[in-house]
Structure formats: C-alpha cells, structure tokens
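The values are calculated or read from the model by the stated rules, or taken from the named source; none is laboratory data. Remember, it's a predicted structure, so these values are computed and weren't measured experimentally. Backbone-built Cβ (ideal geometry, glycine too); neighbour counts: all protein chains shown. Surface areas here come from the heavy atoms of the whole protein model, side chains and all, with no ligands, DNA or RNA. Shrake-Rupley method; radii C 1.70, N 1.55, O 1.52, S 1.80 Å.
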Amino acid sequence: IRLSLVGSEMCIRDSSRIKRVTLRLYDTASRSIRDFVPVKPGHVSIYLCGATPQTYPHIGHVRSGVAFDILRRWFLAKGNDVAFVRNITDIDDKILTKAAENGRPWWEWVSTFEREFTKAYDMLGVLPPSVEPRATGHVTQMVEYIQRIIDEGYAYPADGNVYFNLAKWSKDPKGDYGCLSGQKIEDMEEGDSAGTGKRSPLDFALWKAAKPGEPSWPTPWGPGRPGWHIECSVMSTTYLGSEFDIHCGGLDLQFPHHENEIAQAHGAGDGFAHYWLHNGWVTLSGEKMSKSLGNTLSIPNMLEKVRPVELRYYLGSANYRSMLEYSEEALQEAATGYRRIEDFLHRIVTRTGSEPEKTMWTDVFENALDDDLGVPAALAEIHPQVRAGNAALESVDQNRARDIAGTVRAMADVLGIDPLSDQWRDADNSANAKAMDALDVLVGAELERRAEARAEKNWAVADDVRDRLNEAGIAITDTAAGPEWSLQEEN
C-alpha cells in the first residue's frame, strides 16, 4: 500500500481501490472538529505531556498514554512518519515535597517512579516515544527561551525569579491569553506564587529563584530552577520545531498549564501547536481519580484483576475525550470483550495450523477512527466480524474464516490489542500459558473418553464427562470439526 497526503485528505492507493478519506479531530482551541492538515505532508509531529513521577502510576495517569498511542498507531497505519515526543517532568514542587517528606534525594525519588511509569506503559503495549526528554536535561534551552521572551518584552526578572507579564501580553494586539481555555484575565485569581517581586499577582513564574536545600542551576538572573510551564514549551519546540501539529494531554492540564505554554511560545515568537487534543479523566463515583481523593487504582493492583492487554482494551475502549467511569463490572466486561477476539483468532490458528496474516481494515472501521478517533464505533465493527468468523468456522468455511481473521487482526493491531502480535504473544509465554497447555492435555484426554463413549452409545459416561468438566468451569462446544473447550466466562 502506498499512501500520500494531498491537502487535508489522505489518498490510499492499492491494487484494488482508490479511496479519499479525511481525518478529523476535535481541537480544543477552536472548540470544533477540524480536518487534520499536517505542517509537513506525510509527517505528523505530536507532543504529549508525560508523567511527573512522584508516586506509583494509576489508571488515571496512563489513560492518556493509551489514548494517544492509538492516535499515533492510526497515523502510522495510514503510512505517515510520526515524531512522537512524550516528556518527563523530573523537577517539580510536588517531587521535591514528596522526596523531602520521605527523606530521600529528589533525583533518586523521581528516578524510582519514572521506572514505574515506563514499566506501566510497556506492560500496556504503549509504543516507546520517538524521544522522551527530561526537564533537567534541557535547562540550557530553557534559559535561552526565557531570555527570548524577556527580549520580546513579555517577561521580567525580579529577585532572582523571572515572571511572564500577563497584563502586558493581554493588552498586546498579539496577546491571546484564554484562547485555549476561555479564561478571562478579569476573572482569574492569583497565579504562581513561588517567589517575590511580581508586578501583578496574575503573573506566573518562568524561573524560580533558588531556595535552601533545593536543586538549582546558574543563570543570568541568579541560581534557581525552571517553572513547570516553560519546561514543556521548550521541550516540545526543541524536538518538533517552532510550529508542530498536535499537542496532547489530560483535560486537567488545559488550564493553566497549556494556556501558559501557549502564552510563552507565542510571546517568544513561535507558532507552536496547530491542534490541541485533551483526554477525559478516569472517574470513580463521578470524581476525578487522584491521589488526594484516596481513590487511586494502581497499575499493579489492576493487573491482579485482569491481564495487561485486557486493561489496555478497557482504558482505550471509550472515546478519548469522554470521561471513563471506573467500575469492576465495566473492567470485567471489557476483558470479556477482548477474550472474544482472542478466542476467535486462537481457534483459527488451531483449526488451520497457522496464523492468519494481517490484511486490511474495513471501511466502517476506517470511518470510525477518522471521525475524531471513534474507538467505540471501531470496536463495534470488530465484534460482528468476530461473530461472522466464528460462524464461518462452524460451517467449515476455513478460507472465509481466515480472510475475516486477517481483517480482525488488522483492526485490532491499530488499537494495539492484536492477540497474535509480538507484544501479546510473548505474554503467552508465562506460567499461566503453561498451565493452560497442561490443562489442554488433560481436557483433551477427557474429550477422547467422551468421544469413545458416544461412539459406543454409552450416553451416561459421555454426559458424566461433560457435566464434570462443566462443574470445573470448562465449557464444551460440539462443532462440525469436533468438540472444542473453553473456560466459562464469569457472570
């Protein structure tokens, strides 16, 4: 397949069809769904605000990683080159506070939980970013960027701090503060109050003067450390350029973090992001999942309930912009949905003796994802295909079943949940998989005994075998190709 971009439309060409499709995304800044037009045809640049590793990750933390991993995979599937930057905020007030409370060096504290976030992303099949910059590795660029803003007249040093002059920016013809969040200057409360010397209580810190016991770096304004907002403005433009395609992050970052990023970047003269995408929260009893509410569900705890791929299926199953209300029932329902796909593809392998090759997704699936990454509609297309494939197997039409399986694999692969992918196939090489292999041998022997009893018309023995397996949680299905077994789904 050869793909190219013509204006805002992607042209997909293969030997059998020519189809013009338009990818549309909801842009927070314009509050509308817009046709996606990349800065550079064929190349997509994406910046995702990553973790501030101060504690163990929970599902609320990693939802954005899964949601925008699907976006990235869709761009890749369409043949685009994708530069995907996901940062690590490794110097921050919360990190310093947590480390101090626990009597640990700040760098050790943040490194410990950075590894936990990386492990969580890897376990859920999130593709590694093109680059994963750390804030502390870009202080030189931050100092230079801040100086640019000062030179433009939109920031000022004071008592070793540097502040963004929000009042001046808002009065400038170029000033566009509130363009993302809709906030109005006159309705705002005091901003970052980390230091002294502010001209206005609404000004926020680009650079914070050193405090006793805190890490610091030398600058023309004195030793100190960067403000949170400047970190992302600098890391995004360092790797993606002064203008790039998409800036992503959680809904809670829209204000003030992303709003301040825009002010800094535009104040420095950069065009910055062309599209802003924000994912909804994971909620529990209607409240945002957060450490302060005490309602967090850590990744290790969640993986005691379901497998990593099933957790990924759950976190990615809703539209990225919607709130995802957590419940045990919803989690198990998602796991069951994934297992239906998995069971079908494994049956294909068992019946035909080989894995079906990924082919091409359906038009319905493509249209769903092109409509602001409509994963629910995309999943709603996969499951009827699975049912059709199972029906084809029952009718012993293996060629049709394999064709459908290739389509199912192609669609599942885009969502990062292909059971036959290297990611999840490797996961089968576990103690659980070995136990299933052993169980298969034992059940197989029982099914042979049942088949012999049925051949001899000894229905009592045949029924006894079936009933004992059923009591053990093993369901038997008689098919045209012979009996098959599966673990019964929990109610």
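Annotations for the structure displayed:
- Backbone phi angles across region 385-395, fed through the Karplus curve with coefficients 6.51, -1.76 and 1.60 (θ = phi - 60°), yield HN-Hα couplings of 5, 4, 4, 5, x, 5, 5, 5, 5, 5, 8 Hz in residue order; Gly and Pro are listed as x.
- Once the Cβ-Cβ distance of Trp217 and Ser322 is raised to the sixth power relative to R0 = 51 Å, the FRET efficiency obtained is 0.80.
- For the chain, the longest site-free run once GluC sites (Glu not before Pro) in DSSP loop states with at most 13 other Cβ atoms within 10 Å are removed: 1-188
- When the alpha carbon gyration tensor of region 85-138 is reduced to an equivalent ellipsoid, the three semi-axes, largest first, read 23, 14, 7 Å.
- Over all pairs of different C-alpha atoms in the chain, the reciprocal of the mean inverse distance, the Kirkwood hydrodynamic radius, equals 25.3 Å.
- Set Lys94/Lys171; Lys174/Lys211; Lys40/Lys78; Lys78/Lys119 screened for pairs whose C-alpha atoms are more than 26 Å apart: Lys94/Lys171; Lys174/Lys211; Lys78/Lys119
- Qualifying trypsin sites (Lys or Arg not before Pro) in region 153-237, where qualification requires a DSSP coil assignment and no more than 12 other C-beta atoms within 10 Å, comprise Lys174, Lys184.
- Apportionment of accessible area to carbon and sulfur, the chain, percent (1.4 Å): 49 percent
- Long-range amide H partners of Leu23 with built H, under 5 Å: Met10, Phe36
- Solvent-accessible area per residue, Å², over the chain with all protein chains present [probe radius 1.4 Å]: 45 Å²
- Under-5 Å amide H pairs with Ala273, H placed in peptide plane, nonlocal only: Phe244
- Prolate/oblate/rounded call for region 359-431, Cα gyration tensor, a/c under 1.5 rounded: oblate
- For the chain, the longest principal axis of the C-alpha atoms and the axis of helix 139-151 are separated by about 50°.
- With the helix formula -39500 (n - 2.57) applied to DSSP H stretches of n ≥ 4, the chain reaches a computed 222 nm mean residue ellipticity of -14000 deg cm²/dmol.
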